[in-house]
């Protein structure tokens, strides 16, 4: 069994992914960190250097390469992964996709505290991206969990949603 976490930047994918992987004794694959380590730069710098289209292509390739043939993974995706149909079809085939849904105000508050590279923010407002991405997250989600709360509550809800807790 593999678990893929999707959602807006600031939804808690990295934090929830770490907690979930520890709890289940799964391996965490955190794609934003993989990209930053591979380039020795922040996501924002990578985006500026290679552009959004190349960034999405690299994200798609890494997703398949890093997960192929593996099991017992918690996969923390970049928020823009839902723009790559092929990667999402692949993830849907190898994992249960959980959408960490947080309302716009929560996302805005969380990402203002930690600057990050966000695909599309150059041409659109954060609210426009939120509105554009929400239906895509909903489309690909096997399960949706409310991510507006404390991480421990979100992790418990993920466990319940997966049938690991009653």
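Throughout, read-outs are computed from the coordinates displayed, never taken from laboratory work. No experiment lies behind these values; they were computed from the predicted model shown. Every residue, glycine as well, gets a Cβ built from its backbone with ideal geometry; the counts of neighbours run over all protein chains shown.
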Do you know the relative contact order of the chain, to the nearest whole percent, from alpha carbon pairs under 8 angstrom that are 6+ apart? 35
Taking a ≥ b ≥ c as the square roots of the eigenvalues of the Cα gyration tensor of the stretch 73-152, is the shape rounded (a/c under 1.5), prolate (a/b larger than b/c) or oblate? oblate
Please list the radius of gyration and Dmax for the stretch 3-152, considering alpha-carbon atoms only, with Å as the unit. 14.2, 40
Among 1-13, 61-73, what's the highest-first ranking by average C-beta atoms within 10 angstrom per residue? 1-13, 61-73
Volume per residue, Å³, of the convex hull around the alpha-carbon atoms of the stretch 25-77? 68
Simple SL model, points at 7 angstrom along Cα→Cβ for residue 131 and residue 148; separation in nm is 1.9
